[in-house]
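So the structure is just underneath, and the comments pick up after that.
Computed from the coordinates by the stated procedures, all read-outs in this text should not be read as laboratory data. The structure displayed is predicted, hence computed values, not measured ones. In this analysis, Cβ positions are derived from the backbone assuming ideal geometry, glycine residues included, and neighbour counts consider all displayed protein chains.
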Amino acid sequence: MQWKGRRQSSNVEDRRGQSRPVGAAGLAPAALRFLPMLLRSKRGRVILFGGIALVIGARMMGVDVLSLLGGAGGAVATAPVQSSPANDEAKAFVSVVLADTEDTWRAIFAAQGRQYREPTLVLFSNSVSSACGSASSAVGPFYCPGDQKLYIDLTFFNDLARRYGAPGDFAQAYVVAHEVGHHVQTLLGISQQVRAAGQGRSQAEVNALSVRQELQADCFAGLWGYAANQQRNLLDPGDLEEALRAATAIGDDRLQKEAGRQVVPDSFTHGTSAQRVKWFRMGFENGDFAACDTFAVPNV
């Protein structure tokens, strides 16, 4: 991709190096206010020293109870961000990709008489708190409709290349653009409609709705790729193949096979490798927003 030197989005929040929720750090001052009262009674002393023993024992087993008590949705305490030239370049890259998605979706929304509201991209390391709860890096990149933010640990790109066999900057850009696609679905009310449609349905039916939603996000990522390629000439030869390798690598059927599990279509939530490739291509080759209506076709 021809991304260097291009505009970077200002909607990037760097939380790398931040590890403990404020709620956990804030427990100590709050507890001190009740310390004299606890010490005055036998029951209070049992509670106090029992709690201390629980924390110490848990820490010996590698569990940070205070972090757990700090919990989901809390802000995180500020700590120095450990950066490196590689990390800084990765941050610059995703900032450029985010900026380019902003340009693309602003134009698409304007053509529909709408105004695009830009999401925030949160960079984190190891774990993060969002309006959707706490998450570790193991969940991979995700979008939270509760705060309209995208979350990504940049080390995921190493996994994408080494574990999933999908290296390349456009493969990484596809990941960001897919999560932006979920933001678009939230702005348009699609995500809310999907949740409402799933009420009272069987798990297989809910999963089928999820597949259509994820494939539409793939198609929306393709729409961005179309604009980046046709309108701004950002792509290099081979970039499309990088994105298609990534789409193939994270298909539900392939992931289940690689995990040594039986392939169970009713359990799919994101779509097969072939479906993900198909719908990314749909957006990339047509550049037509209407072509991304995965809910209007009988078979995806």
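Details
- Shape of region 229-274, Cα gyration tensor, a/c cut at 1.5: prolate
- Farthest positive-ward along region 79-292 dipole, Cα basis, beta-carbon charges - from PHE156, HIS183, ALA243: HIS183
- Cβ-to-Cβ counts within 10 Å put LYS257, LYS91, LYS4 in ascending order as LYS4, LYS257, LYS91, the fewest first.
- Length available on full extension from GLN192 to GLU285: 0.36 nm per residue minus the Cα-Cα distance, which gives 30.7 nm.
- Between SER136 and ALA110, the FRET efficiency estimated from the beta carbon spacing at R0 = 35 angstrom works out to 0.40.
- For region 79-292, the ratio of Cα radius of gyration to the globular rule of thumb 2.2 N^0.38 Å stands at 0.99.
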